[in-house]
Amino acid sequence: MNKEVIIYTDGACSGNPGPGGWGTILMYKDTKKEISGGKPDTTNNVMEITAVIEGLKLLKEPCKVSIYSDSAYVVNAFNQHWIENWIKKNWQNSKKEPVKNRELWLELYALVKQHEVKFIKVKGHSDNEFNNRCDELARNAILKL
């Protein structure tokens with residue numbers, strides 16, 4: 001049976017584009033690991049996707065993963081099957097334009113396929129302590145740039 005892991009993620013940008021940061025919390029049983037990072041010139045969406053990628057990269061074996069994100073962009077890409085449609089349409093969106101952040105989506109899609117993943121949308125900047133902590137990690141990462 002696969003290990004059950006919970007991952008909370010958030011991305012932030014000071015200006016969009018501008019300096020950005022991401023924060024991720026991984027939880028397995030009683031263990032909690034926090035990671036974060038940033039880029040001097042990026043977008044909010046890039047940081048949201050990066051937060052999920054970095055969390056999944058830490059998993060050393062196939063797991064059952066619940067990913068909590070306040071990013072509708074990330075959650076809907078999987079829950080509303082946008083990503084499968086982008087792949088079918090050769091990475092064109094519904095407006096027949098190239099999908100932005102294709103390289104990141106490809107990396108994330110490959111990581112998701114290694115696990116049993118469900119994406120759960122959380123309300124940002126509300127009373128979810130783990131989402132708020134990820135936001136704090138992301139903002140602190142911007143300050144460290």
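All of the numbers you see were taken from the coordinates with simple rules; none came from a lab. On a predicted model such as this, the values are computed, not experimentally measured, just so you know. Note that each Cβ is placed from the backbone with ideal geometry, even for glycine, and that neighbours are counted across all protein chains shown.
Worth a mention:
- Summed side-chain charge close to GLN80 - residues other than GLN80 whose Cβ falls under 15 Å, Lys, Arg +1, Asp, Glu -1: +3
- Members of LYS64/LYS100; LYS60/LYS100; LYS60/LYS96 lying beyond 32 Å, as alpha-carbon distances in this model show: LYS60/LYS96
- Approximating the spin labels as points 7 Å out from Cα along Cα→Cβ, the LYS113-to-LYS144 distance works out to 3.2 nm.
- Computed over the Cα atoms of region 3-144, the ratio of the radius of gyration to the Kirkwood radius (Rg/Rh) comes to 0.96.
- Bridgeable aspartates and glutamates around LYS89 (alpha carbons under 16 Å apart, same-chain partners fewer than 8 residues away excluded): GLU97, GLU103.
- Measuring nothing but how far apart in sequence close Cα pairs (under 8 Å, 6+ apart) lie, relative to its length, region 3-144 scores a relative contact order of 35 percent.
- Pairwise Cα separations in region 80-141 fall into 10 Å bins from 0 onward with the following percentages, short to long: 18, 33, 36, 14.
- Difference of contour (0.36 nm per residue) and Cα-Cα distance, LYS33 to LYS95: 18.4 nm
- Separation in nanometres of the label points that stand 7 Å from Cα toward Cβ, at LYS57 and GLU84: 2.8
- For the chain, calculated [θ]222 nm from helices alone, where every DSSP H run of n ≥ 4 adds -39500 (n - 2.57): -12000 deg cm²/dmol
- Counting only residues at least eight positions apart within a chain, or on another chain, the aspartates and glutamates with an alpha carbon under 18 Å from that of LYS32 are GLU4, ASP10, GLU54, GLU61, GLU129, ASP135, GLU136.
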